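J.: Take a look at the following structure, please.
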Amino acid sequence: MSEYEVRRGHQDNISPEKLKAHMQDVFGSVETKGDRFVSSYGALKELRAWQGAKNLLCVETEMDPSVDDEVAQRTIKAYNTFLERATGYTAKERGKRAQKKAKQGK
């Protein structure tokens, strides 16, 4: 499971209604299972997303490693688009924040 910080002012983006809408826009179909939203797309066999504690976006993924390169690239692009819409951080910003936390030992 991965937890992503949400940019200040973007907390509404991970409310259940908006999170489901973001997933539908990016991945197509979305199912609701309990408090989690489930979708699949390209190399993502299953992606589960929900709002965690302290306004964190929680995401679990199950990947299919046997897809070709084109599908893998499309999947990565869609996943990053979804995370950017939900958290307000670009892939580059998320990477920098993760490196900073790793250096601090968190």
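Since every read-out is calculated from the coordinates, none of them should be taken as a lab result. Model, not experiment: these values are computed from the prediction. Every residue, glycine among them, receives a Cβ derived from its backbone with ideal geometry; neighbour counts consider all protein chains shown.
J.: So which residues in region 1-10 are small (Gly, Ala, Ser) and either touching a Lys or Arg at 6+ places or on another chain (Cβ under 6 Å) or assigned to a strand (DSSP E or B) (or both), if there are any at all?
T.: Taking region 1-10 as the starting set, the residues that turn out to be small (Gly, Ala, Ser) are 2, 9.
Of everything in region 1-10, just one residue is small (Gly, Ala, Ser) and either touching a Lys or Arg at 6+ places or on another chain (Cβ under 6 Å) or assigned to a strand (DSSP E or B) (or both), namely Ser2.
J.: Kindly provide the set of residues from region 16-32 that are closer than 13 Å to Ala49 by Cβ and in a loop (DSSP other than H, G, I, E, B), ordered by number.
T.: Val30
J.: How many residues are on the phi < 0 side of the Ramachandran plot and not in a strand (DSSP E or B) if we restrict to region 41-51? Break it down into steps so the answer makes sense when it comes.
T.: Initially, region 41-51 is screened for residues on the phi < 0 side of the Ramachandran plot, giving 41, 43-51.
Of the ones still in play, those that are also not in a strand (DSSP E or B) are 43.
Total meeting the criteria: 1.
For every residue, the table says whether it meets (1) among the aliphatic types (A, V, I, L, M); (2) in contact with a Phe, Trp or Tyr (Cβ under 6 Å, 6 or more places away or on another chain).
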residue	(1), (2)
Glu5	no, no
Lys18	no, no
Gln24	no, no
Phe27	no, yes
Glu31	no, no
Val38	yes, no
Val71	yes, no
Gly88	no, no
Gln104	no, no
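J.: As an exercise: evaluate Val71 against (1) in a helix (DSSP H, G or I); (2) under 13 Å from the mean Cα position of the chain (by Cα); (3) β-branched (Val, Ile, Thr) and give the number of the one condition it does not meet.
T.: (2)
J.: Answer yes or no: is there a residue in region 36-52 that is surrounded by fewer than 15 Cβ atoms within 10 Å (Cβ to Cβ) and among the polar types (S, T, N, Q). Show your work before the answer.
T.: Filtering region 36-52 down to residues surrounded by fewer than 15 Cβ atoms within 10 Å (Cβ to Cβ) leaves 45-46.
In the following step, the residues that additionally are among the polar types (S, T, N, Q) were identified as none.
Looking through region 36-52, none of the residues is surrounded by fewer than 15 Cβ atoms within 10 Å (Cβ to Cβ) and among the polar types (S, T, N, Q).
J.: Against the conditions (1) without any contact (Cβ under 8 Å) to a residue 40 or more places away in the chain; (2) not in a strand (DSSP E or B), where does Asn13 fall short? Just the number, please.
T.: (1)
J.: Right, something else. I'd like to know if region 33-40 contains one or more residues that are out of contact with any Lys or Arg (no Cβ under 7 Å at 6 or more places or on another chain), of a type in the set (Asp, Glu) and part of a helix (DSSP H, G or I).
T.: No: zero hits.
J.: Could you list, in sequence order, all residues of region 74-106 that are in a helix (DSSP H, G or I) and of a type in the set (Phe, Trp, Tyr)? So that I can check it myself, show each step before the final result.
T.: So the first thing to find is which residues in region 74-106 are in a helix (DSSP H, G or I), and the list is 74-87, 91-104.
Within region 74-106, Tyr79, Phe82 meet the criteria.
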